[in-house]
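Q: Structure in structure tokens, see below.
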Amino acid sequence: MATPEQRRTLVTEIPGPRSVKLHEQRSAAFAAGFGVTLPVFVAEAGGGIIVDVDGNHLIDLASGIAVTSVGASHPEVVAAVQTQVERFTHTCFMVTEYEAAVDVATTLNRLTPGDHEKRTGLFTTGAEAVENAIKIARTYTGRQAVVVLSHAYHGRTLLTMTMTAKNVPYKEGFGPFAPEVYRVPSPYAYRWTGDASNVAGEAFDQLVDVISTQIGAHNVAAIIAEPIQGEGGFIVPPEGYLPKVAAYARENGIVFIADEIQAGLGRTGRMFAVDHEGVVPDLITTAKALAGGMPLSAVTGRAEIMDAVAPGGLGGTYAANPVACAAAKAALEVIERDDLPAKARRIEEIARPRLEALVGPSSPVGEVRGRGAMLAMEFVERGTTIPAPDAARKVAAYANSHGVLTLTCGTYGNVIRLLPPLVIGEDLLSDALDVLEAGVASL
Ligand code: PLZ
């Protein structure tokens, strides 16, 4: 199947009549607990375009939440998957082994920061990678406490939803939560109430204070941070914060984990978001972009930490699924060979100035932030920093109804994020930015 025509075209209202009908069936058949950003049913997708069942061509600024960096149907990923499914779909890596899993592990060991000896474990979802990173850190350190940030997102399983900060919709009604998870303030510069010129220093001091007074550094197994907080609002830690935390962890025998599930693998303009500050985490979690749309996640890190768990302690029926590994091998080749981090930097070059032009003292856009192809606008009540989730919702709805799929995020629901496939064409990106600008102007 050819890649769909790379042009925004609307032939019906969004959602169109076929999508509306299918959505009614969905509501009768599918659990209500699953939300939906845009109730449009997809017929095909590729490059920067999603084609719906009514024949509309929508511009994709979501990438399935930062997954399809290489596009939703990259020919090399498709071919790798087809070849693999014909050979075998599954044997279980804990039962018999296959090369594709070893290839992916070897590539991740090479691409992740630091030239120390590394090991990788492969799993299925991002949440599973995070949980396993904690299991590994606990075994290695013989300690239990896990330190997380406010505004953090790490998943929806019992441990990872405990680690996630936001209550509604992720935690409401799902308690009791897992023990031994402690939260420290995120260095959220736009909303920092202390010294604006020293956010990194103050946030770091507060982390040390919480750890020393409430936990005891000698009880902490891991500090885990998203190097750019994703669901929490695309919060970029001010320069110096991550290096300080990594150094403190090292001095105190704490495993420092970077959750690069959303920001990693080229999205921010470097292979990993920690690379912007030369930080070398002990463990890195990846997922999303890793397998070009197939479910695969990984924990990669220092060999002595990773190998602390005895054989049998890690795994899962579908961990390192061979079809997902074949897809990952192809996707990683494309990311490296086609220098997708450079494409992410180019996306920033085009999009950032246009988004920044929307910020102003009486504008509903309070701040533009992010890195590479992970950019966001935070909406506020004009002339204040009071969160304006309605404004974000209206602009997103405007964009969606004009054929541009956008996602909101943020603890206060007042952030619109841009996560285009890294292979999006420049004309398509400019067209999407025209629509977003018109959406902001329509407020
Ligand atoms: N860590 C940093 O961004 C997933 C969540 C969407 P899974 N983010 C999208 C939703 O509402 O469920 C994510 C992440 C970071 C971990 C995860 C979890 O990855 O593959 O969704 O389990």
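Q: Only one of (1) surrounded by fewer than 20 Cβ atoms within 10 Å (Cβ to Cβ); (2) away from the ligand (no atom under 16 Å from the Cβ) fails for Lys171. Which number is that?
A: (2)
Q: To continue, here is another question. Within segment 276-289, restricting attention to residues that are in a helix (DSSP H, G or I) and more than 10 Å from the ligand (Cβ to nearest atom), which residue is least open to solvent (accessible area, probe 1.4 Å)?
A: Taking the candidates together, the pick is Ala289.
Q: Sticking with this structure for a sec: Between a residue in segment 221-239 that is assigned to a strand (DSSP E or B) and any residue that is within 9 Å of the ligand (Cβ to nearest atom) and at pLDDT 95 or above, which pairs come within a Cβ distance under 6 Å, given they are 6 or more apart or on different chains?
A: Ile224/Asp259; Ile235/Gln229
Q: Right, something else. From the list Val210, Val146, pick out the single residue that is within 16 Å of the ligand (Cβ to nearest atom), outside any loop (DSSP other than H, G, I, E, B) and touching a residue at least 60 places away in the same chain (Cβ under 8 Å).
A: Working: Val210 fails: within 16 Å of the ligand (Cβ to nearest atom).
After ruling out the rest, the residue left standing is Val146.
Residue by residue, here is whether (1) assigned by TED's automatic domain parsing to the domain that holds Ala222; (2) in contact with a Pro (Cβ under 9 Å, 6 or more places away or on another chain); (3) under 27 Å from Val11 (Cβ atoms) holds:
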site	(1), (2), (3)
Ala72	no, yes, yes
Thr83	yes, no, no
Arg87	yes, yes, no
Cys92	yes, no, no
Asp103	yes, no, no
Thr112	yes, yes, no
Thr120	yes, no, no
Thr125	yes, yes, no
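Q: Hey, another quick one. List, please: which pairs have Cβ atoms under 9 Å, are six or more places apart or on different chains, and start with a residue in segment 352-372 that is within 13 Å of Val415 (Cα to Cα) and end with one that is outside any strand (DSSP E or B) and polar (S, T, N, Q)?
A: So the pair list comes out as Gly366/Thr384; Gly366/Thr385; Gly366/Asn414; Glu367/Thr385; Gly370/Thr268.
Q: Here is a list of conditions, (1) surrounded by fewer than 20 Cβ atoms within 10 Å (Cβ to Cβ); (2) in contact with a His (Cβ under 9 Å, 6 or more places away or on another chain), and Thr68 meets all of them except one; can you say which number that is?
A: Against the list (1) surrounded by fewer than 20 Cβ atoms within 10 Å (Cβ to Cβ); (2) in contact with a His (Cβ under 9 Å, 6 or more places away or on another chain), Thr68 comes up short only on (1).
Q: Continuing with this model, one more query. For Arg191, state whether it is at pLDDT 95 or above and touching a strand residue (DSSP E or B) at 6+ places or on another chain (Cβ under 7 Å).
A: Against the criterion (at pLDDT 95 or above and touching a strand residue (DSSP E or B) at 6+ places or on another chain (Cβ under 7 Å)), Arg191 does not qualify.
Q: For segment 115-130, enumerate the residues that are more than 15 Å from Asp307 (Cα to Cα), open to solvent by less than 20 Å² (accessible area, probe 1.4 Å) and either more than 8 Å from the ligand (Cβ to nearest atom) or in a strand (DSSP E or B) (or both).
A: Within segment 115-130, just Phe123 meets the criteria.
Q: Here is a follow-up. Does segment 344-356 include one or more residues that are at pLDDT 95 or above, open to solvent by less than 20 Å² (accessible area, probe 1.4 Å) and out of contact with any helix residue (DSSP H, G or I) (no Cβ under 8 Å at 6 or more places or on another chain)?
A: Filtering segment 344-356 down to residues at pLDDT 95 or above leaves 344-356.
Retained after the next criterion (residues that are open to solvent by less than 20 Å² (accessible area, probe 1.4 Å)): 344, 347, 351, 355.
Going one step further and asking which of them are out of contact with any helix residue (DSSP H, G or I) (no Cβ under 8 Å at 6 or more places or on another chain), we end up with 344.
Yes, there is a match, as at least one residue in segment 344-356 is at pLDDT 95 or above, open to solvent by less than 20 Å² (accessible area, probe 1.4 Å) and out of contact with any helix residue (DSSP H, G or I) (no Cβ under 8 Å at 6 or more places or on another chain).
Q: Please specify each residue of segment 260-275 satisfying the condition of being open to solvent by 10 Å² or more (accessible area, probe 1.4 Å) and in contact with a Pro (Cβ under 8 Å, 6 or more places away or on another chain).
A: Listed by number, the residues that qualify are Arg270, Met271, Asp275.
Q: What do you reckon, is Ala165 part of a loop (DSSP other than H, G, I, E, B), touching a residue at least 12 places away in the same chain (Cβ under 8 Å) and open to solvent by less than 40 Å² (accessible area, probe 1.4 Å)?
A: yes
Q: Now for a separate question. Of all residues in segment 41-75, which are within 17 Å of Arg267 (Cα to Cα) and in a loop (DSSP other than H, G, I, E, B)?
A: Within segment 41-75, Gly47, Gly48, Leu61, Ala62, Val67, Thr68, Ser69, Val70, Gly71, Ala72, His74 meet the criteria.
Q: Out of all the residues in segment 76-111, which are surrounded by 15 or more Cβ atoms within 10 Å (Cβ to Cβ), touching a helix residue (DSSP H, G or I) at 6+ places or on another chain (Cβ under 7 Å), assigned to a helix (DSSP H, G or I) and hydrophobic (A, V, I, L, M, F, W, C)?
A: Residues satisfying the conditions are Val77, Ala80, Val81, Ala100, Ala101, Val104.
Q: Right, here's the next one. Considering segment 390-406 alone, what residues qualify as being open to solvent by less than 40 Å² (accessible area, probe 1.4 Å) and not aliphatic (A, V, I, L, M)?
A: The answer is Asn400, Gly403, Thr406.
The values are calculated or read from the model by the stated rules, or taken from the named source; none is laboratory data. Small disclaimer: the values here were computed from a predicted structure and weren't measured. Ideal geometry is used to build each Cβ from the backbone, glycine not excepted, and the neighbour counts take in all protein chains shown. Keep in mind that these areas ignore ligands, DNA and RNA; they rest on the heavy atoms of the full protein, side chains included. Shrake-Rupley method; radii C 1.70, N 1.55, O 1.52, S 1.80 Å.
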